[in-house]
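Taking it in order: structure first as structure tokens, then the write-up.
The values are calculated or read from the model by the stated rules, or taken from the named source; none is laboratory data. Not measured: the values here are computed from a predicted model. Cβ placement follows ideal geometry from the backbone for every residue including glycine, while neighbour counts extend to all protein chains displayed.
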Amino acid sequence: MANFAPFDAGDYLDDEETIAEYLTAALEDPNPDVFLTAVRDVARARGMAQLAKDAGLGRKSLYKALTPGAKPRYDTMLKLLRALGVKLSASPADSCS
């Protein structure tokens with residue numbers, strides 16, 4: 001039986017376009033933990049300590065905000081996303097939904 005390394009999305013999150021696509025896909029899931037997990041994957045890929053510094057947050061606060069089940073404040077998420085080089089935007093919902 002072949003041994004495979006566990007999949008780590010962070011291995012592929014190496015540019016802003018890929019990160020933006022990954023986060024956009026996560027936003028489409030109705031479970032908010034999916035988005036938090038995606039942001040955490042990106043944060044790990046970029047380096048948690050550096051991201052916390054760039055976002056003006058403590059490392060402990062960053063880990064707490066990205067824990068599954070957490071309910072981080074809107075301004076915290078905006079700081080994180082800006083520090084990651086991405087922004088949120090709204091578009092009309094698909095009329096076929």
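Of the listed requirements (1) in contact (Cβ under 8 Å) with a residue 24 or more places away in the chain; (2) under 16 Å from residue 86 (Cα atoms); (3) among the small types (Gly, Ala, Ser), residue 25 misses just one: (1).
Residues in the stretch 10-39 that are in a loop (DSSP other than H, G, I, E, B) and among the charged types (D, E, K, R): 14, 15, 28, 29. Residues in the stretch 2-9 include at least one that is in a helix (DSSP H, G or I) and either aliphatic (A, V, I, L, M) or surrounded by 15 or more Cβ atoms within 10 Å (Cβ to Cβ) (or both). The residue that is farthest from residue 16 (Cα to Cα), among those in the stretch 40-97 that are among the basic types (Lys, Arg) and assigned to a loop (DSSP other than H, G, I, E, B), is 71.
What are the residues in the stretch 54-69 that are within 23 Å of residue 11 (Cβ to Cβ) and exposed (fewer than 15 other Cβ atoms within 10 Å of the Cβ), if any? Within the stretch 54-69, 59, 67, 68 qualify. Residue check: residue 37 meets all listed conditions (1) surrounded by fewer than 18 Cβ atoms within 10 Å (Cβ to Cβ); (2) over 11 Å from the mean Cα position of the chain (by Cα); (3) β-branched (Val, Ile, Thr) but one, namely (2).
Could you please let me know if residue 36 is within 18 Å of residue 12 (Cα to Cα) and of a type in the set (A, V, I, L, M, F, W, C)? For residue 36, the condition - within 18 Å of residue 12 (Cα to Cα) and of a type in the set (A, V, I, L, M, F, W, C) - is met. Here is the figure for the stretch 70-97: residues that are surrounded by fewer than 18 Cβ atoms within 10 Å (Cβ to Cβ) and either among the aromatic types (Phe, Trp, Tyr) or at pLDDT 90 or above (or both) total 8.
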